[in-house]
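The values are calculated or read from the model by the stated rules, or taken from the named source; none is laboratory data. Keep in mind the model is a prediction, meaning the values are calculated, not measured. Cβ atoms come from the backbone with ideal geometry, glycine included; neighbour counts cover every protein chain shown. Surface accessibility is based on the protein's heavy atoms, side chains included, excluding ligands, DNA and RNA. Shrake-Rupley method; radii C 1.70, N 1.55, O 1.52, S 1.80 Å.
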Amino acid sequence: MRYQIFNGFVLKMVMAIFMVFDHIAQFIPGTPYWFHWLGRLVAPIFIFLLTEGYIHTSDTKTYMKRLFTWAAIMFVGNSIVWLFFRRDVSIPNNIFFSMALGIAFLINVEKDDRNRLMIFIILLLSAFAEGSLMVTALVFIFHFFKNDKVRLSLAYIIVSAIFIQGGFTYENLFIENPQWMMVFALPFILMYNGKRGPNIKYFFYIFYPVHIWILYILGYFMVK
């Protein structure tokens with residue numbers, strides 16, 4: 001279709017830029033709060049592309065192990081950076097762990113002999129990971145409604161609307177709890193053309209933690 005103009009590479013690059021703005025607002029003092037608004041689109045797009053990777057990979061378990069490995073690398077890196085450049089603000093970011101659990105969830109749900117205890121453990125761990133169970137919900141929606149864009153869109157809008165709490169005031173919608181703005185990622189998802197584009201996957205594995213560590217360290221020197 002004509003409106004499906006974005007491949008996976010383009011989506012990742014656009015979201016990488018939005019992600020940088022979000023993390024600037026998170027770690028650099030004095031930056032505009034609206035930078036966070038751009039960041040609300042990022043996680044849903046990467047989770048959507050995660051489910052695309054799941055159905056196209058030749059080895060889902062290797063895919064999952066890779067994500068867990070990078071989650072461990074980022075955990076260690078976060079700890080080291082925080083120990084050497086300690087601030088009141090910690091580094092809670094580690095979407096790799098949430099994504100790895102999302103893939104683990106799909107692998108176990110799609111087994112003929114589902115292990116309910118394992119699924120429960122995955123959900124329990126997901127509740128304490130970055131993005132919490134929202135990530136699990138999005139993984140479910142993007143994977144199982146992939147071929148029905150109407151159901152996918154409706155389910156995604158409902159999940160986004162859950163975050164509208166406390167009334168329709170400017171402070172509530174745009175400052176206190178802007179997570180509902182993830183709904184604006186939906187047009188990007190619908191404009192995805194199903195193509196991967198240039199394959200530079202390790203760039204994003206490296207870029208995500210490194211840019212966070214750099215911004216955190218910059219923020220350390222700015223508040224020192």
Mind checking which of THR57, TYR3, GLY131 is farthest towards the positive end of the chain's charge dipole, using Cβ charges of +1 (Lys, Arg) and -1 (Asp, Glu) about the Cα centre?
-> THR57
Mean Cβ neighbour count within 10 Å, used as a protection proxy, ranking 59-70, 11-22, 43-54 highest first = 43-54, 11-22, 59-70
Mind ordering 120-128, 84-92 by average Cβ neighbours within 10 Å, highest first?
-> 120-128, 84-92
Express the accessible area of the stretch 1-100 per residue in Å², computed with a 1.4 Å probe while the remaining protein chains stay in the model.
-> 50 Å²
Each label point is 7 Å from the Cα along the Cα-to-Cβ direction; what then is the distance between the points at ASN177 and ILE200, in nm?
-> 3.9 nm
Point-to-point label distance, GLN4-ASP148, nm (Cα→Cβ direction, 7 Å offset) | 1.8 nm
Residues with beta-carbon under 11 Å from that of PHE46, excluding PHE46: net charge, scoring Lys, Arg +1 and Asp, Glu -1?
-> 0
Would you mind working out the magnitude of the charge dipole of the stretch 1-80 relative to its Cα centre, with +1 at each Lys and Arg C-beta and -1 at each Asp and Glu C-beta, to the nearest 20 Debye?
-> 120 debye
Approximate spin-label separation PHE85-THR69, in nm, with each point projected 7 Å along Cα-to-Cβ | 2.6 nm
What ranking do 183-196, 100-113 get when scored by the average of other Cβ atoms within 10 Å per residue, highest first?
-> 100-113, 183-196
Let me know the shape class of the stretch 1-108, please: from the alpha-carbon gyration tensor, a ≥ b ≥ c as square roots of the eigenvalues, rounded when a/c is under 1.5, otherwise prolate if a/b is greater than b/c, or oblate.
-> oblate
